[in-house]
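Asker: One structure follows; several queries about it will come next.
Computed from the coordinates by the stated procedures, all read-outs in this text should not be read as laboratory data. Model, not experiment: these values are computed from the prediction. Note that each Cβ is placed from the backbone with ideal geometry, even for glycine, and that neighbours are counted across all protein chains shown.
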């Protein structure tokens with residue numbers, strides 16, 4: 001537990017250092033406002049209420065992108081795993097996928113679907129999908145043959161085998177994909193909002209930046225990071241609990 | 001066999017693209033043939049090269065920073081168990097943060113231009129490289145480290161003579177992932193923080209709704225990214241086979 005305490009102390013020291021540097025004018029107020037003021041403004045923004053629609057919009061879009069990517073990704077992963085030549089054809093694409101700047105497709109989506117929520121959700125979905133597929137494949141690869149043989153002896157069909165045997169076995173690996181999917185859908189949705197949109201946290205951050213409004217920009221950035229970190233920690237704890245139960 | 005599969009994959013992508021073109025129309029995207037023609041035209045026009053060189057420079061510097069700092073952080077944490085206990089969760093948390101929200105901070109710190117792009121590219125690439133280097137250092141056979149300590153090698157030489165050679169395959173996997181992320185980071189940096197470069201051309205084309213330009217640039221980026229990543233993957237597999245004997 002001492003490692004955790006030291007980590008906390010280091011983070012605290014960093015925040016205090018930033019506070020001191022900006023209070024004594026080493027960091028220009030124009031570049032950054034002190035952490036205490038960021039928190040104070042964040043409280044004001046959250047209690048003021050005019051930011052809630054943007055927060056709600058972004059979180060809904062992230063959730064839609066992420067959930068769709070997980071469901072579609074697990075289904076596609078299972079199908080691709082069962083079809084060997086398809087998998088060997090797609091493997092190079094999966095390996096190169098994250099080198100493709102997905103945002104370049106954003107204008108295309110805007111033209112096809114209009115400047116609503118769909119293009120942003122689609123960008124988040126596209127970023128998250130392949131992480132889920134790759135990790136599902138990875139998990140299914142590790143299912144022991146004896147389990148599959150048992151399924152065959154029990155005369156389970158392909159669907160029942162997947163649902164009752166192979167996918168449950170692969171859950172820890174799929175979970176790695178799910179965690180990546182959460183991170184990627186945040187990145188996709190907020191990045192798309194920054195590039196072009198009419199609402200959402202990314203849009204508000206970009207708007208505040210363009211107006212040199214640090215009193216709004218920094219609190220919103222901290223809010224996004226805090227939400228992402230909280231969701232990640234929740235998944236981490238859930239995963240740990242799940243793995244601990246499995247080991248028993 | 002592998003080339004045949006690659007050919008099939010490319011043919012399928014082109015067919016899907018052509019179908020999407022038929023469905024969505026010329027206001028949304030250009031057909032594969034037009035896009036390839038326009039990309040070739042871009043490549044042969046002299047006005048395009050300053051942008052290309054600008055992006056290539058920014059990317060090269062960002063990647064060099066990401067690789068060197070990533071390995072340094074990973075090895076430092078990997079050699080000391082307690083440091084790894086403290087630092088690894090921080091690395092993983094930083095890896096999963098939506099770094100795109102940090103771009104205003106990077107801009108305010110570095111100003112508009114080359115340094116901001118480089119910084120934005122580097123912060124995207126550094127974490128995966130550090131995480132893989134950390135894993136490699138931790139999984140190192142302890143006998144090697146003990147031998148190095150018995151010979152009283154200083155930490156810098158342990159890193160250079162023992163750790164680095166042993167960790168090359170894993171570090172290379174980290175670099176392969178870091179490569180893509182650094183490329184995306186640099187392009188994003190250019191989209192927001194630059195007057196030159198491919199990313200700038202892209203955001204300009206988005207603003208002007210210049211569909212031909214968007215499609216041609218996207219095509220070029222995808223071709224470069226996929227080719228580079230296929231090459232890196234091939235080297236990666238070779239290194240692993242060489243080191244571990246497994247396919």
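Asker: Which FRET efficiency value, to the nearest 0.05, do you get for residue A:60 and residue B:43 by plugging their Cβ-Cβ distance into 1/(1 + (r/R0)^6) with R0 = 30 Å?
Answerer: Details: r = 42 Å, r/R0 = 1.40.
In this case the efficiency is close to 0.10.
Asker: Measure out, as a whole number of angstrom, how far apart the alpha-carbon centroids of segment B:94-113 and segment A:166-232 sit.
Answerer: Segment B:94-113 and segment A:166-232 have Cα centres spaced 13 Å from each other.
Asker: Next question. On average, how many beta carbons from a partner chain sit within 10 Å of the beta carbon of a residue in B:100-111?
Answerer: Neighbouring Cβ atoms belonging to other protein chains average 6 per residue here.
Asker: In what sequence, highest mean first, do B:17-30, A:51-64 appear when ranked by Cβ atoms within 10 angstrom?
Answerer: Working: B:17-30: 14.4, A:51-64: 18.4.
Result, highest mean first: A:51-64, B:17-30.
Asker: Follow-up question, since we're still on this one. When A:70, A:227 are ordered from fewest to most other Cβ atoms inside 10 Å of their Cβ, what list results?
Answerer: Listed from fewest to most nearby Cβ atoms, that is A:227, A:70.
Asker: May I pose another question? So for chain B, averaging the separation of alpha carbon pairs under 8 Å that are six or more residues apart and normalising by length, what relative contact order in percent results?
Answerer: Working: 278 pairs, mean separation 64.0, N = 247.
The value is 26 percent.
Asker: Which residues in segment B:109-138 place their backbone N less than 12 Å from a point set 7 Å from the Cα of residue B:204 along the Cα-to-Cβ direction?
Answerer: Flagged as within label range: none.
Asker: Restricting things to Cα coordinates, could you compute the convex hull volume per residue of segment A:16-171 in Å³?
Answerer: Hull volume normalised by residue count: 209 Å³.
Asker: Related question: Just to be sure I understand: with springs between alpha-carbon atoms less than 10 Å apart, which residue in B:234, B:62, B:137 has the highest mean-square fluctuation in the Gaussian network model of chain B?
Answerer: Comparing B:234, B:62, B:137 in a Gaussian network model of chain B, the most mobile one is B:234.
Asker: Can you compute the FRET efficiency between residue B:57 and residue A:237 using 1/(1 + (r/R0)^6), with r the Cβ-Cβ distance and R0 = 51 Å? Round to the nearest 0.05. Could you put the intermediate results ahead of the total?
Answerer: On the way: r = 43 Å, r/R0 = 0.85.
So, using R0 = 51 Å, E works out to roughly 0.75.
Asker: Something else now. Could you tell me how many degrees, from 0 to 90 and to the nearest 10, lie between the Cα long axis of helix A:52-82 and the main elongation axis, the longest principal axis, of the Cα atoms of chain A?
Answerer: With rounding to tens, the tilt is 20 degrees.
Asker: Shifting gears a bit: Write down, largest first, the equivalent ellipsoid semi-axes of the protein assembly as shown in whole Å, where each equals the square root of 5 times an eigenvalue of the alpha-carbon gyration tensor.
Answerer: Semi-axes from the Cα gyration tensor: 33, 32, 26 Å.
Asker: Moving to a separate point now. Sort B:236, A:141 by Cβ crowding within 10 Å, fewest neighbours at the top.
Answerer: Least to most surrounded, the residues fall as A:141, B:236.
Asker: Return one number: the angle in degrees, 0 to 90 and rounded to the nearest 10, between the long axis of the Cα atoms of helix B:49-79 and the longest principal axis of the Cα atoms of chain B.
Answerer: Here the helix axis deviates by roughly 20 degrees.
Asker: Starting with the fewest neighbours, write out B:54, B:41 ranked by other beta-carbon atoms found within 10 Å of each beta-carbon.
Answerer: Least to most surrounded, the residues fall as B:41, B:54.
Asker: Then there is this: For q = 0.22, 0.25, 0.26 Å⁻¹, what log10 I(q)/I(0) does segment B:63-138 give under the Debye formula with an equal point scatterer on each alpha carbon and no solvent?
Answerer: The Cα Debye sum returns log10 ratios of -0.92, -1.06, -1.10.
Asker: Sorted by packing (mean other beta-carbon atoms within 10 Å per residue), highest first, where do B:178-191, A:193-206 land?
Answerer: Descending packing order for the listed peptides: B:178-191, A:193-206.
Asker: Extending each Cα 7 Å along its Cβ direction at residue B:146 and residue B:68, get the distance between those two points in nm, one decimal.
Answerer: 3.6 nm
Asker: Averaged over B:134-146, how many beta carbons belonging to a partner chain fall within 10 Å of each residue's beta carbon?
Answerer: So the per-residue partner count for this stretch is 0.
Asker: Further question: Compute the angle between helix B:164-193 and the longest alpha-carbon principal axis of chain B, please, reported from 0 to 90 degrees and rounded to the nearest 10.
Answerer: For B:164-193 against chain B, the angle is about 40 degrees.
Asker: On alpha carbon coordinates alone, what is the Rg over Rh value for segment B:54-244, Rh being the Kirkwood radius?
Answerer: On the way: Rg = 18.8 Å, Rh = 17.9 Å.
Reported Rg/Rh, Kirkwood definition of Rh: 1.05.
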